[in-house]
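Each remark here refers to the structure printed beneath this line.
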Amino acid sequence: MTEEEFLRIYRFLKNRYGIDMERKKEIMQGRLEHYIRTNGFQTYSEYMNAVESDFTGHLERELVNILTTNHTFFMREFEHFDYLRQVVLPELRMKEVDKKDLCIWCGAASTGQEPYMLAMLLKDYFGLEHGMWDTKVLATDVSTAALKQAIAGVYEKEQIDTLPEQWKRRFLRSIDNGSRYEVIAEIKNEVLFRQFNLMDIFPFKRKMHIIFLRNVMIYFDKKTKEELIQKVYDVMEPGGYLFIGRTETIDRTSIPFQLIQPSIFRK
Ligand SMILES: C[S@@+](CC[C@H](N)C(=O)[O-])C[C@H]1O[C@@H](n2cnc3c(N)ncnc32)[C@H](O)[C@@H]1O
């Protein structure tokens, strides 16, 4: 990959998806090399010409699938789920007691573990009352490959190890002689998966009570993060909560949210 080819792919990804791979040439090349070779492209330039002239969008989707990092796992940063159970949900249960309708959005859902955990927590928290509430989780990601896995809701045994026993028994069923587990339909039905690029205009008609945007802004530069946070603020219900990754940094002085904890914000 020449420097020029690298810059072309780098700019394409940054302009359209916010993803900044400036110092990640080796990673980019490592991820694309096999694809280029097996799909008969002679050079990265030839490949990018094909991506940019493919009006079906198929090649671009594949590029995004290859270059995004979809690492996630059940129980990641569980402190957020504790905070939801102890503070946010009791507050929203009182506030929305008449409508019984909560809008929850997980904006970088990857392979589904995070939104499924939200659905499990909501089911658990509302208990017998759950049927009276609408607490569906909207789960979006830009990677169609990650979303495909998320929709299938099938995980290797090792991937569910971190989940509490009680949740495993209640919300998963073993398949393939116990080597894999599938999220039960009752939980799958509580999550709506859609492809969505966070750089696009937000199309949401209703305001959100809870937004999870964890471990995605690490790939964006400062300006992109600030613009995104402003859009998130605009679609947030007053009193709503935003959760970001616990190791992520955003400049608190430049954002409109009230800081609750380093990774929890309130409108
Ligand atoms: C490291 S994963 C984080 C998954 C999960 N939120 C977590 O914390 O475990 C980052 C996800 O962000 C997605 N992503 C990256 N850029 C995006 C964009 N512009 N719009 C939507 N999703 C994006 C990637 O496809 C990937 O699945």
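Here Lys168, Lys123 are screened, and the one residue that is part of a helix (DSSP H, G or I) and in contact (Cβ under 8 Å) with a residue 40 or more places away in the chain is Lys123. Kindly evaluate Val64 against the criterion of being among the β-branched types (Val, Ile, Thr), in a helix (DSSP H, G or I) and closer than 15 Å to Phe212 by Cα. The answer is no for Val64.
Here's the yes/no breakdown for (1) within 19 Å of Arg85 (Cβ to Cβ); (2) at pLDDT 95 or above:
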| position | (1), (2) |
| --- | --- |
| Gly153 | no, yes |
| Lys157 | no, no |
| Leu172 | no, yes |
| Arg180 | no, yes |
| Ile184 | no, yes |
| Glu190 | yes, yes |
| Gln195 | no, yes |
| Lys207 | no, yes |
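Note on segment 58-82: among residues that are of a type in the set (Phe, Trp, Tyr) and in contact (Cβ under 8 Å) with a residue 40 or more places away in the chain, the one that is nearest to the ligand (Cβ to nearest atom) is Phe73.
Per-residue answers, yes or no, for (1) of a type in the set (Gly, Ala, Ser); (2) over 24 Å from Ile210 (Cα atoms); (3) in contact with an Asp or Glu (Cβ under 6 Å, 6 or more places away or on another chain):
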| site | (1), (2), (3) |
| --- | --- |
| Asp20 | no, yes, yes |
| Gly40 | yes, yes, no |
| Thr56 | no, yes, no |
| Glu60 | no, yes, no |
| Asn70 | no, no, no |
| Tyr83 | no, no, no |
| Glu91 | no, no, no |
| Ile104 | no, no, no |
| Phe126 | no, no, no |
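Among the residues of segment 205-238, just one is loosely packed, with under 13 Cβ neighbours inside 10 Å and touching a residue at least 60 places away in the same chain (Cβ under 8 Å), namely Arg206. Among the residues of segment 228-243, are any within 22 Å of Leu13 (Cβ to Cβ) and assigned to a loop (DSSP other than H, G, I, E, B)? The answer is no; no qualifying residue exists. Of all residues in segment 92-112, exactly one satisfies the criterion of being within 16 Å of the ligand (Cβ to nearest atom), on the phi < 0 side of the Ramachandran plot and without any contact (Cβ under 8 Å) to a residue 60 or more places away in the chain, namely Thr111.
Only one entry of Leu89, Leu128, Leu122 meets the criterion of being more than 19 Å from the chain's Cα centre (by Cα), more than 16 Å from the ligand (Cβ to nearest atom) and buried (at least 18 other Cβ atoms within 10 Å of the Cβ), and that entry is Leu89.
So, in segment 198-215, how many residues would count as being assigned to a loop (DSSP other than H, G, I, E, B) and closer than 18 Å to Ser110 by Cα?
Initially, segment 198-215 is screened for residues assigned to a loop (DSSP other than H, G, I, E, B), giving 198-207, 214-215.
So of that shortlist, the ones also closer than 18 Å to Ser110 by Cα come out as 198-200, 214-215.
Residues in segment 198-215 being assigned to a loop (DSSP other than H, G, I, E, B) and closer than 18 Å to Ser110 by Cα: 5 in total.
For segment 248-267, taking the residues that are assigned to a loop (DSSP other than H, G, I, E, B) and out of contact with any helix residue (DSSP H, G or I) (no Cβ under 8 Å at 6 or more places or on another chain), the one that is farthest from His80 (Cα to Cα) is identified as Thr249.
Could you say whether any residue in segment 249-260 is crowded, with 16+ Cβ neighbours inside 10 Å and either in contact with a Phe, Trp or Tyr (Cβ under 6 Å, 6 or more places away or on another chain) or among the hydroxyl-bearing types (Ser, Thr, Tyr) (or both)? Looking through segment 249-260, at least one residue is crowded, with 16+ Cβ neighbours inside 10 Å and either in contact with a Phe, Trp or Tyr (Cβ under 6 Å, 6 or more places away or on another chain) or among the hydroxyl-bearing types (Ser, Thr, Tyr) (or both).
Is it the case, given these coordinates, that Ile27 is β-branched (Val, Ile, Thr), surrounded by 12 or more Cβ atoms within 10 Å (Cβ to Cβ) and touching a residue at least 24 places away in the same chain (Cβ under 8 Å)? Considered against the rule, which asks whether it is β-branched (Val, Ile, Thr), surrounded by 12 or more Cβ atoms within 10 Å (Cβ to Cβ) and touching a residue at least 24 places away in the same chain (Cβ under 8 Å), Ile27 comes out as no. Comparison of Ile218, Ile250, Ile255, Ile260 shows that the only residue that is within 14 Å of the ligand (Cβ to nearest atom) and assigned by TED's automatic domain parsing to the domain that holds Glu96 is Ile218.
The values are calculated or read from the model by the stated rules, or taken from the named source; none is laboratory data. Here the structure is a predicted model, which means the values were calculated and not measured. As a convention, Cβ positions derive from the backbone with ideal geometry for all residues, glycine included, and neighbour counts pool all protein chains shown.
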